[in-house]
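A short reminder: the numbers here are calculations on the coordinates, not readings from a lab. What you are looking at is a predicted structure, and each value in this text was computed from that prediction instead of being measured. Quick reminder, even Gly has a Cβ in these numbers, built from the backbone with ideal geometry, and neighbours come from all protein chains shown.
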Amino acid sequence: MRLLHKYYLIIFSALVVALASCESNFHDVQRINSVAFSPVGRSENINLKYTDSGRVKAILVSPLMLDYSNLEYGFNEFPKGVHVTLIDQNKKNSYVESDYAIRYEGSDIIDLQGHVKITSSEGGVLKTEQLYYDQKNEWFYTEKRFTFTDAAKGNFEGPGIDFSKDFKVMNTQRNTGAINNVD
């Protein structure tokens, strides 16, 4: 009986040693497979000008930009918000502000979040908590609640809206409000 007990003790000891060494290897494997989620670049107090055919189309100002272009699906993050000036062909400016923004590479989509406010060149103001901007098509959209006040102090609100950057074309889902001076 004592001999059997010694064998169990030896087997148990070998198993404990094997498991202890596996634990160390397991942590190494976990570290190898983890993604180093850190930016490849960091820019402070930026002032970027987007041009097309020699014409400035937009100016982006932000206190901080983090560049994650090193990832498979790269992006630029603006954790302290952005202020964007959009300039149309007639050199009229519209302004976009948000507390946070993220621009996804390869999609031309900017996700604006937190106290998003757009002021059009004609004086219209749209406010919402999240808004997407499609740079390629110059189109904004959201499924979140919004409020819009036009230059004549007419207003409407509701869930979900999409519109052109100059506010000339707007599509809404269900809204309520009062519009003044309809032509």
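Between the residues N47, Q130, S94, the greatest Cα displacement towards the positive end of the dipole of the stretch 41-176, with unit charges on the Cβ of Lys, Arg, Asp and Glu, is found for S94. Of all lysines in the structure, those lying under 27 Å Cα to Cα from K127, and not within fewer than 8 positions of it along the same chain, are K49, K57, K80, K91, K92, K117, K136, K144, K153, K165, K168. Net charge of the neighbourhood of G114, taken over other residues with C-beta under 9 Å away and scored Lys/Arg +1, Asp/Glu -1, is -2.
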